[in-house]
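K.L.:
Starting off with a structure, shown below.
Computed from the coordinates by the stated procedures, all read-outs in this text should not be read as laboratory data. Predicted model, so just to flag it, every value in this text is computed and none were measured. Cβ coordinates were reconstructed from backbone atoms using ideal geometry, including for glycine residues, and neighbour counts include every protein chain displayed.
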Amino acid sequence: MARQMNGEYKVKDAGLKVLFQKVKIALASAPFKFSIRHIPRSLNKEADALANEVLDSQQ
């Protein structure tokens, strides 16, 4: 998603396109500076574990 937000990849999924546009508008008016970076799973094991825990609990 980081690469899509930065314009490196296109957003192809119709449902994600709607959310993508809403987020872009919201971020454009943010009163602070920020950056969005892609961090590989291998370098962010804690976030990967938490994401997997949530996904597993929804099945």
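K.L.:
Average projected area of the Cα convex hull of the chain, in nm²?
P.N.:
5.5
K.L.:
When only DSSP loop residues count, what chymotrypsin sites (Phe, Trp or Tyr not before Pro) in the chain have their Cβ near at most 13 other Cβ atoms within 10 Å?
P.N.:
9, 32, 34
K.L.:
Hey, another quick one. Quick one: angle between helix 14-28 and the longest Cα principal axis of the chain, in degrees between 0 and 90, rounded to 10, please.
P.N.:
The two axes meet at around 60 degrees.
K.L.:
Right, another one. Add -39500 (n - 2.57) for each DSSP H run of 4 or more in the chain, then divide by its residues: what number comes out at 222 nm, to the nearest 500 deg cm²/dmol?
P.N.:
My calculation for the chain gives -16500 deg cm²/dmol from helical runs alone.
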